[in-house]
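Asker: This is the structure I have questions about; it appears just below.
The values are calculated or read from the model by the stated rules, or taken from the named source; none is laboratory data. Quantities reported herein were computed from a predicted structural model and do not represent experimental measurements. As a convention, Cβ positions derive from the backbone with ideal geometry for all residues, glycine included, and neighbour counts pool all protein chains shown.
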Amino acid sequence: MNFIRTILGDIPKEQIGLTYSHEHVVIDHCFATDIHPEFLLNDFEKLKEELLELKKLELSLMIDTMPVNAGRNPVLSAKLSKETGIHLIVPTGIHQEKYYPRNHWRFQYSEDQLSDLFIADIEKGIDRYDYNGPIVERNPSHRAGMIKLATNEEPFSAHQELIFRAVVNVHLHSGAPILTHTTNGTFALEQALFFEKLGANLDHVVLSHVDRNPDSRYIEQVLDTGVSVEFDSAFRWKTPENQTYTHLETLLSKYPHQIVVGMDAARNSYWKSYGGKPGLDYLLTTFPKELKKRNLEDFYDLLFIQNPRRIFSFIQPQNS
Ligand SMILES: [Zn+2]
């Protein structure tokens with residue numbers, strides 16, 4: 001297929017330019033922000049201010065990564081995209097267990113029930129109440145464009161395996177691409193192999209935060225499966241050696257089509273408009289200079305445009 005599904009509608013992938021591949025653009029009040037108030041990203045004027053700066057730097061698309069019932073607000077996302085001119089992909093799928101109360105429906109529903117909810121987000125529109133209650137109101141023009149799942153630093157639980165199966169069902173049924181959370185790049189290989197076993201199209205599967213794993217040989221094993229990886233910690237390292245740039249130097253020439261980049265700036269203290277730093281523009285200002293210092297500037301187009309276009313476009317659904 002040739003399109004990407006944004007919160008304002010489908011667009012041909014060729015219309016996508018510079019892309020931030022793992023973002024937190026909108027995080028409205030939810031269980032996660034009650035525990036971590038620093039995650040809250042719902043002040044429309046501040047969000048707009050930061051995004052307009054990115055628009056000036058020609059940013060085209062941001063992949064927002066808060067899935068169901070973890071702070072989504074499709075109405076706010078749509079308004080933000082409309083008023084800034086930046087395309088936004090809003091996901092379906094589900095986040096780490098710790099971001100939901102213990103009695104949450106995610107732990108009760110079957111594989112089929114979760115699949116149906118995720119498919120409805122992609123095909124019929126995201127519930128404006130983000131599945132916070134029994135009333136569900138879908139706006140067919142606000143559809144999800146990606147499916148998210150998350151694992152932790154331990155072997156997958158039965159519940160997580162059920163989520164994997166639901167996510168791959170939805171991917172094959174709807175054609176939507178998959179993005180995952182890994183915790184510090186651990187269990188990335190197990191994620192990739194499980195997706196392969198379940199029959200996902202690995203050209204459209206991207207594993208996040210893998211640069212936080214210090215072992216580049218391990219990352220090579222992950223990439224050898226065919227999945228892509230997302231790096232987002234270049235601005236985080238406090239050490240003289242920047243592990244993200246070191247990984248890029250080691251891996252880019254060997255796997256040029258399987259790496260994308262993002263900010264994952266889930267704390268409002270990273271946003272200039274909230275009085276924080278480095279600001280979301282880091283990736284379009286400092287990062288390119290660091291690539292150039294390492295003679296990696298030829299990969300800029302792949303990291304920011306060509307690879308995201310492929311990964312985040314829809315595949316041909318199996319049921320059609
Ligand atoms: Zn994230």
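Asker: Please verify whether Pro91 is at pLDDT 95 or above, under 25 Å from Phe118 (Cα atoms), more than 14 Å from the ligand (Cβ to nearest atom) and crowded, with 22+ Cβ neighbours inside 10 Å, treating the condition exactly as stated. Don't jump to the end; show me each part of the working.
Answerer: Details: at pLDDT 95 or above: yes; under 25 Å from Phe118 (Cα atoms): yes; more than 14 Å from the ligand (Cβ to nearest atom): no; crowded, with 22+ Cβ neighbours inside 10 Å: yes.
In short, no.
Asker: Sticking with this one: Do you know which residues across the range 51-100 are on the phi > 0 side of the Ramachandran plot, polar (S, T, N, Q) and in contact with a Pro (Cβ under 7 Å, 6 or more places away or on another chain)? Break it down into steps so the answer makes sense when it comes.
Answerer: The initial filter retains those residues of the range 51-100 that are on the phi > 0 side of the Ramachandran plot, namely 58, 69, 71, 85, 93.
Narrowing the set further to residues that are polar (S, T, N, Q) leaves 69.
Of everything in the range 51-100, nothing turns out to be on the phi > 0 side of the Ramachandran plot, polar (S, T, N, Q) and in contact with a Pro (Cβ under 7 Å, 6 or more places away or on another chain).
Asker: Sticking with this structure for a sec: Quick check on Val136: is it within 16 Å of the ligand (Cβ to nearest atom) and free of Cβ contacts under 8 Å to residues at least 40 places away in the same chain? Working first, answer last.
Answerer: Numbers: within 16 Å of the ligand (Cβ to nearest atom): no; free of Cβ contacts under 8 Å to residues at least 40 places away in the same chain: yes.
Answer is no for this residue.
Asker: Let me ask you something else. Among the residues of the range 129-139, is there at least one that is within 24 Å of Phe231 (Cβ to Cβ), surrounded by 15 or more Cβ atoms within 10 Å (Cβ to Cβ) and of a type in the set (Ser, Thr, Tyr)?
Answerer: Step one: filter the range 129-139 for residues within 24 Å of Phe231 (Cβ to Cβ), giving none.
Checked against the condition, which is being within 24 Å of Phe231 (Cβ to Cβ), surrounded by 15 or more Cβ atoms within 10 Å (Cβ to Cβ) and of a type in the set (Ser, Thr, Tyr), the range 129-139 yields no hits at all.
Asker: Considering only residues that are in contact with an Asp or Glu (Cβ under 6 Å, 6 or more places away or on another chain) and closer than 21 Å to Asp301 by Cβ, which ones fall in the range 19-45? Walk me through how you get there before you give the answer.
Answerer: Of the range 19-45, the ones in contact with an Asp or Glu (Cβ under 6 Å, 6 or more places away or on another chain) are 21-23, 25, 42.
Result: Ser21, His22, Glu23.
Asker: Give me the pairs: first residue in the range 211-236 and over 22 Å from Pro177 (Cα atoms) and touching a residue at least 24 places away in the same chain (Cβ under 8 Å), second residue of a type in the set (Ser, Thr, Tyr) and surrounded by 22 or more Cβ atoms within 10 Å (Cβ to Cβ), beta-carbon distance under 7 Å, and six or more apart or on different chains, which are they?
Answerer: Between residues of the range 211-236 that are over 22 Å from Pro177 (Cα atoms) and touching a residue at least 24 places away in the same chain (Cβ under 8 Å) and residues that are of a type in the set (Ser, Thr, Tyr) and surrounded by 22 or more Cβ atoms within 10 Å (Cβ to Cβ), there is no close pair.
Asker: Being within 16 Å of the ligand (Cβ to nearest atom) and closer than 19 Å to Leu172 by Cβ is the filter here; which residues of the range 196-209 pass it? Working first, answer last.
Answerer: Going residue by residue through the range 196-209, those that are within 16 Å of the ligand (Cβ to nearest atom) are 206-209.
Within the range 196-209, Val206, Leu207 meet the criteria.
Asker: Let me ask you something else. From Gly275, Gly279, which residue is surrounded by fewer than 16 Cβ atoms within 10 Å (Cβ to Cβ), on the phi > 0 side of the Ramachandran plot and not hydroxyl-bearing (Ser, Thr, Tyr)? Spell out the reasoning first.
Answerer: Values: Gly279 fails: surrounded by fewer than 16 Cβ atoms within 10 Å (Cβ to Cβ).
Answer to the selection: Gly275.
Asker: I've got another one for you. Can you pull out the residues in the range 190-209 that are surrounded by fewer than 21 Cβ atoms within 10 Å (Cβ to Cβ) and either among the aromatic types (Phe, Trp, Tyr) or in a helix (DSSP H, G or I) (or both)? Before you say what the answer is, go through the steps one by one.
Answerer: Initial filter on the range 190-209 (surrounded by fewer than 21 Cβ atoms within 10 Å (Cβ to Cβ)): 190, 193-194, 196-199, 201-203.
Result: Glu190, Leu193, Phe194, Glu196, Lys197, Leu202, Asp203.
Asker: OK, next. Residues of the range 94-135 being more than 19 Å from the chain's Cα centre (by Cα) and β-branched (Val, Ile, Thr), which ones?
Answerer: Passing the criteria: only Ile135.
Asker: Continuing with this model, one more query. Taking Gly125 as the residue in question, decide whether it is closer than 19 Å to Thr33 by Cα and touching a strand residue (DSSP E or B) at 6+ places or on another chain (Cβ under 7 Å). Break it down stepwise before answering.
Answerer: Numbers: closer than 19 Å to Thr33 by Cα: no; touching a strand residue (DSSP E or B) at 6+ places or on another chain (Cβ under 7 Å): yes.
Against the criterion (closer than 19 Å to Thr33 by Cα and touching a strand residue (DSSP E or B) at 6+ places or on another chain (Cβ under 7 Å)), Gly125 does not qualify.
Asker: So, Leu117, is that one touching a residue at least 40 places away in the same chain (Cβ under 8 Å), touching a strand residue (DSSP E or B) at 6+ places or on another chain (Cβ under 8 Å), assigned to a strand (DSSP E or B) and surrounded by fewer than 24 Cβ atoms within 10 Å (Cβ to Cβ) or not? Write out each step before concluding.
Answerer: Working: touching a residue at least 40 places away in the same chain (Cβ under 8 Å): yes; touching a strand residue (DSSP E or B) at 6+ places or on another chain (Cβ under 8 Å): yes; assigned to a strand (DSSP E or B): no; surrounded by fewer than 24 Cβ atoms within 10 Å (Cβ to Cβ): yes.
So Leu117 does not fit the description; no.
Asker: Please identify the pairs in which a residue from the range 157-175 that is more than 13 Å from Ala200 (Cβ to Cβ) has its Cβ atom under 6 Å from the Cβ atom of a residue that is assigned to a helix (DSSP H, G or I), counting only partners at least 6 apart or on another chain.
Answerer: Leu162/Glu111
Asker: Then there is this: Residue check, Gly133 against (1) modelled with pLDDT of 95 or more; (2) out of contact with any helix residue (DSSP H, G or I) (no Cβ under 9 Å at 6 or more places or on another chain), all met but one. Which one?
Answerer: Every condition holds for Gly133 apart from (1).
Asker: Next question, about the same structure. Restricting to the range 163-186, count the residues that are more than 22 Å from Trp105 (Cα to Cα), away from the ligand (no atom under 15 Å from the Cβ) and crowded, with 23+ Cβ neighbours inside 10 Å.
Answerer: Residues meeting the conditions: 3.
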